[in-house]
Amino acid sequence: GHKYTSIERVIENVIRDTGFTDEVDFVEIIEWAYRAMELIGAPQIYITRITDGDKERNHPDPITISNYRGELPCDMHRIIQIREWCNRGSLQEATSDFILSTNSPEASVGDSNNYKINDGWIFTNFEEGLLEIAYEAFPVDANGYPMIPDDERYLKAVESYISERIATRLWIQDKMSTEKKNHFEKDWLFYVRSAKTRAQMPS
C-alpha cells in the first residue's frame, strides 16, 4: 500500500515557499491538486468508487441528471462503467460529437442511452434521471480532500503546479513580472518530469 499525505500539508508548503497567502483559494487549490495528479500520472494511486450512496464505504450519492447533464465527482479519474440507477440499463459513450441538448434531433435517435463527458460534467441524451457510475478515483481523506502520495518528488510536483497556477493568475492581473512567472513555470516543468520518472520506476 502507498502512504499518503493531506492537501493541507501541500498548501502549507506552497505558502511557506512562495509567500502567497491571500492568493490561496482552497477550492481552487483542490481542483489544481487533482489536475496536477492527472498530469503527473501514477496509475497505482487510484481506488475504485461507485456513486451508489453507500455511506459505510464513503461512496458518493448517485449522479443527478437534470436538463440533460449532471456534475461528476471531483475525485474522478476515469470512468469504468455507467448505468441508470432505476432500471439498471447501461450507458454507452456517444461516438458522434453532437452536443446533447433539447433541440438536438440526434438526441432522441436510437433507443440506447448515450453520454459524453466534458470538463467535470456528464451529458446524456435523456433529460433527467440518476446514474450509478463505477470509477477510478483519487484517494480522499475524511473531509473529501485529495490525498497526495507521500513521496518527496511527487509532493514537490503538486506544490509547484499550484504555485505556477497562482503565479500565472497574478501575472495576468499585472501583479507579477513575466520573469517571475517563468521561474514558477520552469519549476513545475522540472518537478513534473522528476515525479513522472519516479512514478514509472517499479516499487
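The values are calculated or read from the model by the stated rules, or taken from the named source; none is laboratory data. In this text the structure is predicted, and so the values were computed from the model without any measurement. Cβ coordinates were reconstructed from backbone atoms using ideal geometry, including for glycine residues, and neighbour counts include every protein chain displayed. Side chains included, ligands, DNA and RNA excluded: accessible areas come from the protein's heavy atoms. Shrake-Rupley method; radii C 1.70, N 1.55, O 1.52, S 1.80 Å.
With Arg16, Arg88, Arg83 as the choices, which residue is more than 16 Å from Glu136 (Cβ to Cβ), outside any strand (DSSP E or B) and touching an Asp or Glu at 6+ places or on another chain (Cβ under 9 Å)?
When all the criteria are applied, what remains is Arg88.
Among the numbered criteria (1) crowded, with 20+ Cβ neighbours inside 10 Å; (2) part of a strand (DSSP E or B); (3) modelled with pLDDT of 95 or more, which single criterion is violated by Ile148?
(3)
Pairs only if they're at least six apart or on different chains, beta carbon under 7 angstrom, first in the range 170-181 and open to solvent by less than 100 Å² (accessible area, probe 1.4 Å), second at pLDDT 95 or above and charged (D, E, K, R); list them, first residue then second.
Filtered contacts from the range 170-181: Trp171/Lys181.
Please go through the range 51-71 and give me each residue that is closer than 17 Å to Pro139 by Cβ and modelled with pLDDT of 95 or more, ordered by number.
Matches in the range 51-71: Thr51 only.
Out of Glu164, Glu127, which single residue is part of a loop (DSSP other than H, G, I, E, B) and over 16 Å from the mean Cα position of the chain (by Cα)?
From the options Glu164, Glu127, the qualifying one is Glu127.
Evaluate the range 19-42: report whether one residue or more is assigned to a loop (DSSP other than H, G, I, E, B), at pLDDT 90 or above, over 18 Å from the mean Cα position of the chain (by Cα) and of a type in the set (Asp, Glu).
No, the range 19-42 contains no residue that is assigned to a loop (DSSP other than H, G, I, E, B), at pLDDT 90 or above, over 18 Å from the mean Cα position of the chain (by Cα) and of a type in the set (Asp, Glu).
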